[in-house]
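Engineer: Take this structure first; my questions come after.
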Amino acid sequence: MSIVLGGGLSGLSAAYYLLKKFGQPTAIFEASSRIGGWIKTEKHKERGFIFEAGPRTIRPKGISGANTLEMIEDLQLPIEAVTSSHVAAKNRMIYAKGQLCMLPNSLKGVLKTIPPFSQPLAMALLNDLKSAPKKIKFGDESIYDFVSRRFGKELADYAISPMICGICAGDAKEISVRFLMDEIFEKEQRYGGVMKGIFLSKLNDKKGKEAASKGLFKDNQPKIFKQAVENKWSMYRVNDGLETLPRSLNEYLLSRDVEVNLASECREILFTENSARLNIKGQEVEAKHVISSIPSFKLAACVKGQHPGLAGQLMAIPYVDVAVVNLQYNSKDILKQPAFGFLVPPVEKRPILGVIFDSCIFDMEENTVITVMMGGKWFEQYYGQNPTQKEILDIALREVNQILGIDQEPKMSRVHILKKCIPQYNVGHKQRVQDIRRYIQRYKLPLSLCGAAYDGVGINDVVLSARMSVEEIPRLH
């Protein structure tokens, strides 16, 4: 029997795909007392709002987006979509140079100068066309360095850096361009420029790309994905909050005789020629194959006795702490500018990453609900090693007051301090992950990896990562 380590979304998805592919029940071992990982919804139905301690929306874009929608369709989950014409889809802001600045959302906006930029963003594209090609040593660089040399430092500081804060709470000066913008980087390296590469690659490989996009679904894309494309969805959520997805997956698995074991941490894995023996809370569990969705540093602790080299590679993936502060106010019209929210460029040196306007994205009745994202790469710098929840809340309220002008006390608040919750895709990460998987293949270990540490931090990323890890099992044996 194959088993899955980790009961977050990626682990539950892996068990789902194992069941789909092999038709046999498996077992999940989760160290904590709940399933869902970092996805956590707090419902206040009687008052018309919810708090999300983790992710809250899913983007229906590309193959990975179609893949998640296929699962949601199979689980028959009702969803609430936000179209591209919705104010939360169109309005994205950054806080820079003492003010909230609306990012351009149309061609007209790209052609004129808007704060905080000193020239039209179209000039950045011109800079790319004028810049000389440069072959990068070791085939990777930071996303900040890449954008700076192709489009200019201003775009790197005020567009890309805050975007990276929003994606992985990381520092764009350390995050790998290959991991998050691999296709764009490849085009620049191959053709000598990004814009030139985009134009020439469209001419060269249009047919190949169309074929690749259909391969995962055997020319039969999910109906709900076609609906999302036709109706121009920008994002969506499952009804009653995002935790509905892992909970529904859990119910689906339990109804098909999959074991879901909570408070069952794996302490050690010993690999034999054809199987693996796991120490789960002092009990030995044998498996033909192990799919690990747990954080890389936790897997490293399990394999270090037998495979210290693999453990060292897994430990080389750093993680950051994030604080999430949910705030609810008993008034609907507190926010002056409806939008998805705003991000704060690190160059501004403020102690928050950004604020999400939850009640602008989805209906929260007569409430204003916002979420303050804090910490990440700068957690210890701004809050010390072990801040209290009150200290975090006080900082969040001060920033909300100074930036948004909200001086009233929230009616309800929640503070979540999430330790080592987001892996950082630093320069060399793609090669690091390839080396880890190559080690597993070289030693023919009955082990597959999935989850945020390896294939992306988004909902779509971790679900597709689980699917691909299951798809590769026959090839590994």
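The values are calculated or read from the model by the stated rules, or taken from the named source; none is laboratory data. All values reported here derive from a predicted model rather than from experimental measurement. Neighbour counts run over all protein chains shown; Cβ positions are idealised from the backbone, glycine included. Accessible surface is based on the protein model in full, side chains and every heavy atom, while ligands, DNA and RNA are left aside. Shrake-Rupley method; radii C 1.70, N 1.55, O 1.52, S 1.80 Å.
Engineer: Checking Thr68 against (1) open to solvent by 10 Å² or more (accessible area, probe 1.4 Å); (2) within 20 Å of Asn231 (Cβ to Cβ), only one condition comes out false. Which one?
Structural biologist: (1)
Engineer: Of everything in the stretch 142-153 that's at pLDDT 95 or above and in contact with a Ser or Thr (Cβ under 8 Å, 6 or more places away or on another chain), which residue is surrounded by the most Cβ atoms within 10 Å (Cβ to Cβ)?
Structural biologist: Ile143
Engineer: Listed residues Val229, Val260; which is under 17 Å from Leu12 (Cα atoms), hydrophobic (A, V, I, L, M, F, W, C) and under 25 Å from the mean Cα position of the chain (by Cα)? Break it down into steps so the answer makes sense when it comes.
Structural biologist: Values: Val229 fails: under 17 Å from Leu12 (Cα atoms).
Only one candidate qualifies: Val260.
Engineer: A follow-up question, please. Would you mention how many residues in the stretch 41-63 are within 21 Å of the chain's Cα centre (by Cα) and open to solvent by less than 30 Å² (accessible area, probe 1.4 Å)? I'd like the intermediate steps shown before the answer.
Structural biologist: Initially, the stretch 41-63 is screened for residues within 21 Å of the chain's Cα centre (by Cα), giving 41-42, 50-63.
Those left that are additionally open to solvent by less than 30 Å² (accessible area, probe 1.4 Å): 41, 50-54, 56, 58, 60.
Total meeting the criteria: 9.
Engineer: So the check is Cβ under 8 Å with 6+ separation or different chains; which pairs have a first residue in the stretch 248-259 that's closer than 17 Å to Thr68 by Cα and in a helix (DSSP H, G or I) and a second one that's open to solvent by 30 Å² or more (accessible area, probe 1.4 Å) and of a type outside the set (S, T, N, Q)?
Structural biologist: Matching pairs, first to second residue: Asn250/Val260; Leu253/Val260.
Engineer: Another question, if that's okay. Considering only the stretch 388-428, state which residues are under 23 Å from Pro345 (Cβ atoms) and either at pLDDT below 95 or assigned to a strand (DSSP E or B) (or both).
Structural biologist: Once the filter is applied, which keeps residues that are under 23 Å from Pro345 (Cβ atoms) and either at pLDDT below 95 or assigned to a strand (DSSP E or B) (or both), the stretch 388-428 yields Leu418, Cys421, Ile422, Pro423, Asn426.
Engineer: OK, next. If I ask for residues that are under 30 Å from Leu327 (Cα atoms), β-branched (Val, Ile, Thr) and in a loop (DSSP other than H, G, I, E, B), which ones from the stretch 26-85 would you list?
Structural biologist: Residues satisfying the conditions are Ile35, Ile39, Thr57.
Engineer: Can you name the residue in the stretch 12-36 that is among the aliphatic types (A, V, I, L, M) and open to solvent by 10 Å² or more (accessible area, probe 1.4 Å) and is also nearest to Val260 (Cα to Cα) among such residues?
Structural biologist: Ile35
Engineer: Given (1) in contact with a Cys (Cβ under 7 Å, 6 or more places away or on another chain); (2) surrounded by 17 or more Cβ atoms within 10 Å (Cβ to Cβ), identify the lone condition not met by Val87.
Structural biologist: Looking at each condition in turn, Val87 falls short on (2).
Engineer: When the residues of the stretch 301-332 are filtered to those that are open to solvent by less than 10 Å² (accessible area, probe 1.4 Å) and either of a type in the set (Ser, Thr, Tyr) or in a loop (DSSP other than H, G, I, E, B) (or both), which remaining residue is farthest from Ser359 (Cα to Cα)?
Structural biologist: Ile317
Engineer: I would also like to ask the following. Has the stretch 159-169 got any residue that is crowded, with 20+ Cβ neighbours inside 10 Å and more than 13 Å from Pro345 (Cβ to Cβ)?
Structural biologist: yes
Engineer: Kindly indicate the residue of the stretch 264-296 that is over 25 Å from Asp455 (Cβ atoms) and touching an Asp or Glu at 6+ places or on another chain (Cβ under 8 Å) and also surrounded by the most Cβ atoms within 10 Å (Cβ to Cβ) among those meeting that condition.
Structural biologist: Ile280
Engineer: Another question about this same structure. Any chance you could count how many residues in the stretch 451-477 are farther than 22 Å from Met181 by Cβ and among the hydrophobic types (A, V, I, L, M, F, W, C)?
Structural biologist: Of the residues in that region, 4 qualify.
Engineer: Right, next: Residues in the stretch 244-263: is at least one farther than 12 Å from Ile72 by Cβ, open to solvent by 10 Å² or more (accessible area, probe 1.4 Å) and in contact with a Phe, Trp or Tyr (Cβ under 6 Å, 6 or more places away or on another chain)?
Structural biologist: yes
Engineer: Ok, one more. Open to solvent by 80 Å² or more (accessible area, probe 1.4 Å), of a type outside the set (Lys, Arg), on the phi < 0 side of the Ramachandran plot and touching a helix residue (DSSP H, G or I) at 6+ places or on another chain (Cβ under 9 Å), is that true of Leu125?
Structural biologist: So Leu125 fails the test.
Engineer: Does Gln424 satisfy being of a type outside the set (A, V, I, L, M), closer than 21 Å to Ala53 by Cα and in contact with a Gly (Cβ under 6 Å, 6 or more places away or on another chain)? Outline the logic, then answer.
Structural biologist: Values: of a type outside the set (A, V, I, L, M): yes; closer than 21 Å to Ala53 by Cα: yes; in contact with a Gly (Cβ under 6 Å, 6 or more places away or on another chain): yes.
When the stated conditions are applied, Gln424 passes them.
Engineer: Quick one: which helices (runs of 4 or more DSSP H) lie wholly within the stretch 87-132 and hold at least 3 residues that are in contact (Cβ under 8 Å) with a residue 60 or more places away in the chain? Can you show your working first?
Structural biologist: Numbers: elements: 87-90, 107-110, 122-130.
It comes to 87-90, 122-130.
Engineer: Within the stretch 1-20, how many residues turn out to be in contact with a helix residue (DSSP H, G or I) (Cβ under 9 Å, 6 or more places away or on another chain) and farther than 22 Å from Tyr454 by Cα?
Structural biologist: Of the residues in that region, 2 qualify.
Engineer: Residues in the stretch 1-35 that are in contact with a Lys or Arg (Cβ under 9 Å, 6 or more places away or on another chain) and of a type in the set (Gly, Ala, Ser): how many?
Structural biologist: So the count comes out to 6.
Engineer: Within the stretch 211-225, how many residues are open to solvent by less than 90 Å² (accessible area, probe 1.4 Å) and either part of a helix (DSSP H, G or I) or at pLDDT 95 or above (or both)?
Structural biologist: The first filter runs over the stretch 211-225 and keeps only residues open to solvent by less than 90 Å² (accessible area, probe 1.4 Å), leaving 211-213, 215-217, 221-222, 224-225.
Add one more test, that the residue is either part of a helix (DSSP H, G or I) or at pLDDT 95 or above (or both), and what stays is 211-213, 215, 224-225.
Of the residues in that region, 6 qualify.
Engineer: Would you point out the residue of the stretch 170-210, among those that are open to solvent by less than 10 Å² (accessible area, probe 1.4 Å) and closer than 16 Å to Leu125 by Cα, that is modelled with the lowest pLDDT?
Structural biologist: Per the criteria, the residue is Gly197.
Engineer: Please verify whether the stretch 358-373 includes one or more residues that are part of a loop (DSSP other than H, G, I, E, B), surrounded by fewer than 18 Cβ atoms within 10 Å (Cβ to Cβ) and in contact with a helix residue (DSSP H, G or I) (Cβ under 6 Å, 6 or more places away or on another chain). Break it down stepwise before answering.
Structural biologist: Taking the stretch 358-373 and keeping what is part of a loop (DSSP other than H, G, I, E, B), we get 362-367.
Then drop every residue that is not surrounded by fewer than 18 Cβ atoms within 10 Å (Cβ to Cβ), which leaves 363, 365-366.
Then drop every residue that is not in contact with a helix residue (DSSP H, G or I) (Cβ under 6 Å, 6 or more places away or on another chain), which leaves none.
Checking the stretch 358-373: not a single residue is part of a loop (DSSP other than H, G, I, E, B), surrounded by fewer than 18 Cβ atoms within 10 Å (Cβ to Cβ) and in contact with a helix residue (DSSP H, G or I) (Cβ under 6 Å, 6 or more places away or on another chain).
Engineer: State which residue is nearest to the chain's Cα centre (by Cα) when the search covers only the stretch 128-141 and only residues that are hydrophobic (A, V, I, L, M, F, W, C) and open to solvent by 30 Å² or more (accessible area, probe 1.4 Å). Give the derivation first.
Structural biologist: Taking the stretch 128-141 and keeping what is hydrophobic (A, V, I, L, M, F, W, C), we get 129, 132, 136, 138.
Imposing the further condition that a residue be open to solvent by 30 Å² or more (accessible area, probe 1.4 Å) reduces the set to 129, 132, 138.
Numbers: Leu129: 31, Ala132: 33, Phe138: 26 Å.
Here the residue is Phe138.
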